[in-house]
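First comes the structure, then the notes that go with it.
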């Protein structure tokens with residue numbers, strides 16, 4: 001860059017001199033030419049001097065920059081040398097570690113080889129010992145293993161049976177004391193009649209002539225009555241009675257009441273039949289509402305929706321094995337409240353859950369579904385809490401009981417239904433249940449005889465003492481009880497008693 005400036009100055013000086021010479025040559029003035037020449041020489045000398053100074057300065061700067069670059073290069077070389085030395089040291093360390101690892105691998109291979117040789121020797125010795133033992137014992141290894149496993153299995157069964165018996169005895173001893181105390185307290189508080197009500201669908205008539213009027217000309221009266229009530233009239237040779245047949249209890253009660261009105265009035269014709277049925281329906285609705293309100297008062301429950309109370313009242317005409325369902329609900333409510341009080345549970349939830357646990361039975365013949373789930377659905381529809389609806393839907397364990405109150409309602413329901421005299425069964429069903437109990441017991445090996453006693457609430461089993469030992473008797477009782485639970489449906493509980501008797505006799509001469 002500096003050299004270009006110098007050359008530009010020289011060229012400029014030459015051009016200025018040439019111009020001046022040309023101007024003065026045209027005017028033929030030698031003086032001016034000399035003067036111009038002198039000035040041009042002066043300018044040229046100045047330019048040469050300045051260019052020399054510029055060159056000298058540029059050379060000085062170049063020398064200084066070269067020294068700086070050389071110093072930087074030396075620093076870089078020193079840093080590279082240090083880095084190379086560190087790398088060499090690390091490579092040496094890695095080489096030493098590699099050598100150590102190779103030595104350790106060689107040692108491990110040697111040890112593995114020795115261990116494999118020792119294992120082969122031990123296996124050979126074990127095989128020889130096993131063959132020697134088999135020769136001495138006269139049994140193969142598989143046979144000896146099977147015998148040992150059978151012996152261990154028998155010992156474990158006996159030990160488990162002993163422990164089960166001990167735990168059962170301990171649990172029973174502790175549970176019996178507490179259960180007796182609670183149940184005794186509850187039973188003392190709850191006193192109810194043992195006699196059972198029976199649903200009567202038979203209407204008494206003053207004379208057999210009334211049967212003809214009930215049938216009517218060509219059967220028009222009986223057809224009109226059955227169409228209006230949805231029930232069947234059974235008029236047979238039985239003197240003094242007419243039977244009303246219907247599956248739905250409320251409808252059957254309406255028909256029975258309407259027939260009473262017609263017999264009292266004496267005028268039996270289709271128009272009068274319709275009036276009598278309407279009058280009976282209104283009366284039954286009032287009785288249902290009154291029965292529901294009275295049940296709520298008896299159970300000491302408040303705050304229920306009016307539709308729930310009406311639905312509850314319909315249970316007045318529903319019976320289960322001869323037990324009135326409305327009275328059963330009230331009893332269950334009492335028992336549940338007393339149990340909840342003794343156990344520290346929510347008394348109000350147990351009380352309401354016990355009263356409404358069979359609410360679905362009022363509609364289960366009109367709506368598809370089980371009465372437990374239907375009752376819970378009715379409760380949700382009319383604002384009952386989740387705690388109460390859960391006790392309703394879980395009282396037959398169709399839904400797993402998750403609260404203490406639900407378990408209390410299950411116990412109270414069983415207590416009300418299984419107390420002596422609460423329910424009755426038909427003779428045929430009773431005999432079938434007894435036969436089924438004895439059949440289940442006799443199906444097990446080692447059973448000599450089985451007897452169903454105490455109205456089917458206990459089965460007593462005589463076993464063969466040479467086939468069943470004492471611990472086996474415990475296992476047999478448990479197995480039979482499980483089979484009964486899975487195979488039969490029954491109210492309350494069935495006690496399984498296994499009797500093992502050993503007799504020894506000799507004759508003295």
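The numbers here are math on the coordinates, done by the rules we state, and not lab data. All of these numbers come straight from a predicted model, not from anything done at the bench. No Cβ is skipped: glycine too gets one built from the backbone with ideal geometry, and neighbour counts run over all protein chains shown.
Spatial offset of the range 212-247 relative to the range 67-85 amounts to 127 Å, using the alpha carbon center of each.
Sorted fewest first by neighbouring Cβ atoms within 10 angstrom, 392, 115, 205 come out as 115, 205, 392. With a/c under 1.5 counting as rounded, go ahead and sort the range 193-287 into rounded, prolate or oblate using the C-alpha gyration tensor (a ≥ b ≥ c being the square roots of the eigenvalues; past the cut-off, prolate if a/b is larger than b/c, else oblate). In terms of gyration-tensor shape, oblate. Averaging the Cα positions of each part gives two centres, and for the range 354-417 and the range 108-132 these lie 71 Å apart.
Based on the alpha-carbon gyration tensor of the range 300-424 and its eigenvalue square roots a ≥ b ≥ c, which shape applies: rounded if a/c is under 1.5, prolate if not and a/b is larger than b/c, or oblate? Here the range 300-424 falls in the rounded category. The overall shape of the range 427-500, judged from the alpha-carbon gyration tensor, is prolate: a/c is not under 1.5, and a/b is greater than b/c. Taking other Cβ atoms within 10 Å as a rough exposure proxy, 308, 273 sort from fewest to most as 308, 273. Among 481, 505, 245, a tally of other beta-carbon atoms within 10 Å of each Cβ gives an order, fewest to most, of 505, 245, 481. Below 8 Å between Cα atoms, with a sequence gap of 6+, how large is the relative contact order for the range 427-500 in percent? Reported relative contact order: 33 percent. Using a cutoff of 8 angstrom between alpha carbon atoms and counting only pairs six or more residues apart, the relative contact order for the range 300-424 works out to 27 percent.
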